[in-house]
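Reviewing the structure listed below.
The values are calculated or read from the model by the stated rules, or taken from the named source; none is laboratory data. If you're wondering where the values come from, they're calculated on a predicted model, not measured in any experiment. No Cβ is skipped: glycine too gets one built from the backbone with ideal geometry, and neighbour counts run over all protein chains shown. For the accessible areas, the whole protein counts, side chains as well, though only heavy atoms, and no ligand, DNA or RNA atoms are used. Shrake-Rupley method; radii C 1.70, N 1.55, O 1.52, S 1.80 Å.
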Amino acid sequence: MENAQIADRLDAFAALLELGEANPYTARAYRRAAETIRGAPSPVAELVRSGRVRDLRGIGPGIEGRLRELVETGEIAELAELERELAPDLVGLGRYLGLSAKRSVQLARALDVRTAEELREAAAAGRLREVPGIGPKVEAQLLEALASEAEPRPRQGLLLHSAWELVGGIAAALDGSVAGDVRRWRDSCEQLAVVCVAAEPSAVLARFAELPQIVAVIEQDEHRAVGVTVEGVPIELVVAEPQRLGTALVRATGSPAYVAALEPLPHAADEEAVYGALDVPWCPPELREQPFRGVPPALVEPADIRGDLHCHTTWSDGRASVEEMGRAARERGYEYLAICDHTPAVGAVQGLSADDVRRQAEEIAAANEALAPFRVLRGIECDILPDGRLDLPDDVLAELDWVQASVHGGQRMPRAEMTKRVEEALRNPSVRCLSHPKGRMINRRPENALDLERIFELALETGVALEVNGLPNRLDLSGGHVRDAIAAGARIVCSTDAHSVQGLGNMTLSVVTARRGWATAADVLNTQPLESIVRSPPR
Ligand SMILES: [Zn+2]
Ligand SMILES: [Zn+2]
């Protein structure tokens, strides 16, 4: 049996477990195992036969049993049985309507339908009332729910900053290390893991179960446990013997595809030794997404950043004054900070008119006097109007040191129109940077249709930089888009879009996102001194 076939059966099993309302973690575990098997370089059936399949990441004794059955008999009996009983799309529809899997199956039997489509037809024909236990009231409710049926919502991960707080807190409480999606700084984290070291795991497992963050432990064996938080988020704890800590960390950190391509992993006490034994250079966690055995580039570091080029003050929707923001930036060791408040078209909050911009200049001059040699730059986050014009007159923009151009309203424009709109704005000679280019809000709003390839070309032509916005719900450009931007020769800027003094701390999130896009310091404009950034340095 081929790896792909085995993986498909495990995926099918996971889908039916989900529909059957089994423990969601179990279904996830099967999905992850399927992914690992799909990416495994050697035949998994062999590993099963030789009893070594548990060397693969995420394969515990339960899944091993299923795999043995599958390899030996060609089928998983329970899966075959579930498939006979549940028509997946029908049960999915039932769950959407608020019915249990069991009730959905009863309903389907009573109506003699096999698929979701047949159920909809039967309902439309007024046949729901034939089902014992469904009166006119319930029928009306079901019909209403069917009429408003929308696309099922995809599963949502945790935003990176919340995931860090949660997993980092658990790791600190157990003297362990953060692993999983969080250690790779994924923008939305689903696979949460902590790795601890102990010769005697039971004490660590017991402490894990008692942590205030963990409300229940749903899986446990000798060396690992899965706990869930109040919000129902599963977190895996791996307890490694000291001489295998490095192996456990590599396995719990990389994506399934990345780890599978390195398997079988040698046992070693630290990651460097694991990589050394594999004869592969150590790889920063941010790059452990796709299989990679090469020499990683020298990625940009938070300490390379010399200033922040996007923040707000009380002049628009920020919470601190110009001087307070400047002082806080100076305390972070920066050399400069650009004040980029909003313009009126932003709508929801107050924006600066041309007059306001000129009045703000006085406050910025005073802050510069107080904070010298630190520099506060006169900037703006200028809205790009639907027709591509900017929200302030050209002569006002030309006075400023740093102009961010931003699309706020109208993110749903079609691709050609949106691209033309942004192109038009970027051709204004005062514009230095495009803010949050794809306009996404993680888990809430999809990316806009902007043609990034075209924008990267234009960026190269005009010298406009692309922002990597560090707000945890934006992280825009994303790591993948950063990589494309750099490949196209465009420059990026790591910014926080801070609306408070604390918000300046989101620089870490921006920098790690750039690192996920393979950015070096040379690719990031604000690793440069002020003279190379501002065309005419402020007086
Ligand atoms: Zn903005
Ligand atoms: Zn902003």
* Asked: Counting only residues that are charged (D, E, K, R) and open to solvent by less than 40 Å² (accessible area, probe 1.4 Å), which one in segment 368-422 is farthest from ligand 2 (Cβ to nearest atom)?
  -> Arg421
* **Residue that is modelled with pLDDT of 85 or more and of a type outside the set (Lys, Arg), where the choices are Val105, Val131, Val91** => Val131
* Out of the residues in segment 464-480 that are free of Cβ contacts under 8 Å to residues at least 40 places away in the same chain and within 16 Å of ligand 2 (Cβ to nearest atom), state the one that is surrounded by the fewest Cβ atoms within 10 Å (Cβ to Cβ). => Leu471
* Verdict on Gly480 being away from ligand 1 (no atom under 16 Å from the Cβ), farther than 17 Å from Pro302 by Cβ and in contact with a Leu (Cβ under 9 Å, 6 or more places away or on another chain) -> no
* Does segment 362-369 contain at least one residue that is touching a residue at least 24 places away in the same chain (Cβ under 8 Å) and in a loop (DSSP other than H, G, I, E, B)? -> no
* Out of Ala329, Ala320, Ala372, which single residue is among the hydrophobic types (A, V, I, L, M, F, W, C), over 26 Å from Leu450 (Cα atoms) and free of Cβ contacts under 8 Å to residues at least 40 places away in the same chain? -> Ala372
* Structure fact -> The condition of being modelled with pLDDT under 95 and within 16 Å of ligand 2 (Cβ to nearest atom) holds, among Ala329, Ala320, Ala338, Ala348, only for Ala348
* Asked: Does Pro437 meet the test of being without any contact (Cβ under 8 Å) to a residue 60 or more places away in the chain and away from ligand 1 (no atom under 14 Å from the Cβ)?
  -> no
* Pick from segment 381-423 the residues that are out of contact with any strand residue (DSSP E or B) (no Cβ under 7 Å at 6 or more places or on another chain) and among the small types (Gly, Ala, Ser): which of them is farthest from ligand 1 (Cβ to nearest atom)? -> Ala416
* To do: Answer with yes or no whether Arg114 is at negative phi, more than 23 Å from the chain's Cα centre (by Cα) and outside any helix (DSSP H, G or I).
  => yes
* Asked: Considering only segment 343-367, how many residues are under 19 Å from Ala398 (Cα atoms) and either open to solvent by less than 10 Å² (accessible area, probe 1.4 Å) or touching a Cys at 6+ places or on another chain (Cβ under 8 Å) (or both)?
  -> 5
* Leading residue by the ranking (surrounded by the most Cβ atoms within 10 Å (Cβ to Cβ)) among those in segment 244-296 that are of a type in the set (Asp, Glu) and in a loop (DSSP other than H, G, I, E, B) -> Glu263
* **So Asp308, is it among the charged types (D, E, K, R), outside any loop (DSSP other than H, G, I, E, B), touching a residue at least 12 places away in the same chain (Cβ under 8 Å) and open to solvent by less than 10 Å² (accessible area, probe 1.4 Å)** => yes
* Asked: Of the numbered conditions (1) over 28 Å from the mean Cα position of the chain (by Cα); (2) surrounded by fewer than 20 Cβ atoms within 10 Å (Cβ to Cβ); (3) at pLDDT 95 or above, Glu200 satisfies every one except a single condition; which is it?
  -> (3)
* Asked: When the residues of segment 513-527 are filtered to those that are over 25 Å from Ala366 (Cα atoms), in contact (Cβ under 8 Å) with a residue 60 or more places away in the chain and in contact with a Lys or Arg (Cβ under 9 Å, 6 or more places away or on another chain), which remaining residue is surrounded by the fewest Cβ atoms within 10 Å (Cβ to Cβ)?
  -> Trp518
* From Arg186, Arg127, which residue is touching a residue at least 12 places away in the same chain (Cβ under 8 Å), under 30 Å from Glu241 (Cα atoms) and open to solvent by 50 Å² or more (accessible area, probe 1.4 Å)? -> Arg186
* Asked: Restricting attention to segment 490-539, which residues are part of a loop (DSSP other than H, G, I, E, B) and modelled with pLDDT under 95?
  -> Val534, Arg535, Ser536, Pro537, Pro538, Arg539
* To do: Being over 21 Å from Asp523 (Cβ atoms), more than 16 Å from ligand 1 (Cβ to nearest atom) and in a loop (DSSP other than H, G, I, E, B) narrows it down to one of Asn443, Asn448, so name that one.
  => Asn443
* To do: From (1) farther than 18 Å from Pro256 by Cα; (2) under 26 Å from the mean Cα position of the chain (by Cα), pick out the condition that doesn't hold for Arg49.
  => (2)
* To do: Please verify whether segment 428-437 includes one or more residues that are closer than 28 Å to Arg183 by Cβ, buried (at least 24 other Cβ atoms within 10 Å of the Cβ) and within 16 Å of ligand 2 (Cβ to nearest atom).
  => yes
* Would you check which residues across segment 203-235 are within 24 Å of the chain's Cα centre (by Cα) and acidic (Asp, Glu) and list them? => Glu231
* Asked: Taking Asp175 and the conditions (1) touching a strand residue (DSSP E or B) at 6+ places or on another chain (Cβ under 9 Å); (2) modelled with pLDDT of 95 or more; (3) surrounded by 18 or more Cβ atoms within 10 Å (Cβ to Cβ), which numbered condition does it fall short on, given that it satisfies the others?
  -> (3)
* Structure fact -> Among residues of segment 481-505 being in contact (Cβ under 8 Å) with a residue 40 or more places away in the chain and out of contact with any helix residue (DSSP H, G or I) (no Cβ under 8 Å at 6 or more places or on another chain), the residue nearest to ligand 2 (Cβ to nearest atom) is His499
* Asked: When you go through (1) within 16 Å of ligand 2 (Cβ to nearest atom); (2) of a type outside the set (S, T, N, Q); (3) more than 27 Å from Asp181 (Cβ to Cβ); (4) surrounded by fewer than 15 Cβ atoms within 10 Å (Cβ to Cβ) one by one for Glu461, which number turns out not to apply?
  -> (1)
